[in-house]
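Working notes, beginning with the structure itself.
The values are calculated or read from the model by the stated rules, or taken from the named source; none is laboratory data. Not measured: the values here are computed from a predicted model. Heads up, the Cβs are rebuilt from the backbone with ideal geometry, glycines too, and the neighbour counts pull from every protein chain shown. These area figures cover heavy atoms from the full protein model, side chains too; ligands, DNA and RNA do not enter into them. Shrake-Rupley method; radii C 1.70, N 1.55, O 1.52, S 1.80 Å.
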Amino acid sequence: MKVVLKNLTKKFPSKGKKGKDVIAVDNFDFEIPDGCLVGLLGPSGCGKSTTLNLICGLIKPTDGQIYFGEDEVTSLEPEKRGVGMVFQNYALYPHLTVRGNIMFPLENLKGKERLTKEEMNEKVIMAAALVQIENLLDRKPGELSGGQQQRVAIARALVKLPRVLLLDEPLSNLDARLRLQTREEIKRIQKKTKITTIFVTHDQEEAMSISDLIVVMKDGVIQQIDKPQRVYQNPKNLFVAKFLGTPPVNVFNGKIANGGLYIGNERIMDTDKADGEVYVAIRPEGFVIASDGVLTCDMDEIEVMGRDITVIAKHKDCENEDIRAIVSSETEIDETGDKIKFNLKKEKVFVFDKKTEERVL
Ligand code: ADP
Ligand code: MG
């Protein structure tokens with residue numbers, strides 16, 4: 001089922017007299033293809049949960065429409081939309097068993113959708129099997145680990161075979177190892193069921209690893225929508241460049257003048273773009289150590305991490321406290337010098353206008 005958002009907007013009125021309205025979701029206009037797993041990515045407060053709540057119907061938009069396939073669902077009650085929702089805090093019923101929790105949405109079906117006890121049981125077992133918790137059906141949530149509880153919540157969201165599955169930071173309460181494992185699990189379940197899925201996270205690595213498409217958001221405004229790797233390789237603005245990637249991109253103050261791009265007095269490449277002040281953002285893997293390199297930095301230290309070496313350096317025009325350059329472990333590095341020179345891989349260097357922070361190069 002494809003999901004289409006048309007000029008979707010949600011304003012929350014200001015609380016105090018002088019306060020401004022919060023535009024939590026500002027004119028969202030995009031289409032999620034059928035069977036796709038989309039990651040909504042952005043810092044806390046950027047409107048991710050509001051977007052999900054609009055899609056599932058828990059809140060109504062100020063403006064705009066939502067379509068599931070060709071059906072407009074904008075003012076449809078949540079229970080009639082056919083969505084499954086999973087929250088960060090699992091929200092299981094503590095007094096019910098796992099079976100009871102997963103069965104709960106089925107027990108509320110009315111009219112000709114009503115199921116017999118056997119039919120319900122069958123569906124519960126199918127959903128439990130999808131998340132591999134068939135052996136836990138008679139336990140209470142209090143007797144499960146966080147990861148197991150989240151699986152129960154996912155099974156409960158899947159049991160009615162929703163048209164759309166919505167997951168709001170579902171992994172945030174899990175420890176690091178479980179988070180990795182559960183995210184693989186979600187990917188696997190999504191591939192298997194082919195249910196159109198929207199996955200919300202503030203963690204860029206999580207979004208990059210799980211999503212077919214990512215939507216990067218800031219202050220209620222969409223910054224960029226594309227395949228994860230393409231957003232990483234082709235950020236539209238400084239915010240997106242900084243938000244994706246670990247270690248983060250290295251941001252320098254630079255300028256364009258005389259047909260060249262400069263950091264300090266060093267001309268790092270030619271360009272035909274207009275003169276002006278710019279930010280030069282260089283991915284850690286964009287540096288190549290070279291004695292005749294174009295960019296000179298102050299050597300700090302090196303960290304050897306198996307496959308790679310991280311060179312930590314400093315530069316007075318760099319906004320990051322430390323520059324992190326990742327080079328292959330075969331590289332010979334002279335650690336004794338107090339300067340280190342780099343050439344730059346062109347495709348790993350992004351240039352942004354200083355005022356608009358939009359990409360110019
Ligand atoms: P995220 O999930 O990305 O952290 P939210 O969607 O929860 O962000 O919130 C987006 C913005 O809308 C925030 O500024 C938040 O304070 C505001 N907001 C969310 N819900 C309400 C509400 N019910 N009333 C007023 N403001 C709200
Ligand atoms: Mg949220």
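Laid out as a table, the results:
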item	result
Unique residue being at pLDDT 95 or above, open to solvent by less than 60 Å² (accessible area, probe 1.4 Å) and over 21 Å from Glu357 (Cβ atoms) when the list is Leu178, Leu165, Leu174	Leu165
Count - residues of the range 11-22 that are near ligand 1 (Cβ under 8 Å from one of its atoms) and either outside the structural domain of Val83 (by TED's automatic domain parsing) or part of a strand (DSSP E or B) (or both)	2
Search result, residues across the range 94-133 that are under 22 Å from Ile195 (Cβ atoms) and among the acidic types (Asp, Glu)	Glu107, Glu113, Glu119, Glu122
Search result, residues across the range 31-69 that are away from ligand 2 (no atom under 16 Å from the Cβ) and either modelled with pLDDT under 95 or outside any strand (DSSP E or B) (or both)	Pro33, Asp34, Gly35, Cys36, Gly57, Lys60, Pro61, Thr62, Gly69
Residue that is surrounded by the fewest Cβ atoms within 10 Å (Cβ to Cβ) [pool: residues in the range 191-203 that are away from ligand 2 (no atom under 16 Å from the Cβ) and either of a type in the set (Val, Ile, Thr) or in contact (Cβ under 8 Å) with a residue 40 or more places away in the chain (or both)]	Lys192
Sole residue being over 11 Å from the mean Cα position of the chain (by Cα) and under 30 Å from Arg81 (Cβ atoms), chosen from Gly245, Gly260, Gly220	Gly220
Cross-chain or 6+ apart pairs with Cβ under 7 Å, the range 170-190 first and within 18 Å of Leu40 (Cβ to Cβ), then open to solvent by less than 20 Å² (accessible area, probe 1.4 Å) and among the acidic types (Asp, Glu)	Leu171/Glu206; Arg183/Glu206
Conditions (1) away from ligand 2 (no atom under 16 Å from the Cβ); (2) at pLDDT below 95; number of the one not met by Glu72	(2)
Matching strands (runs of 3 or more DSSP E) fully within the range 271-361 where at least 2 residues are surrounded by fewer than 18 Cβ atoms within 10 Å (Cβ to Cβ) and not aliphatic (A, V, I, L, M)	276-282, 295-305, 308-314, 339-344
Selection status of Lys60, open to solvent by 20 Å² or more (accessible area, probe 1.4 Å), over 25 Å from Glu205 (Cα atoms) and more than 15 Å from ligand 1 (Cβ to nearest atom)	no
Complete set of residues in the range 91-114 that are open to solvent by 40 Å² or more (accessible area, probe 1.4 Å) and part of a loop (DSSP other than H, G, I, E, B)	Ala91, Tyr93, Pro94, His95, Leu96, Thr97, Asn108, Lys110, Arg114
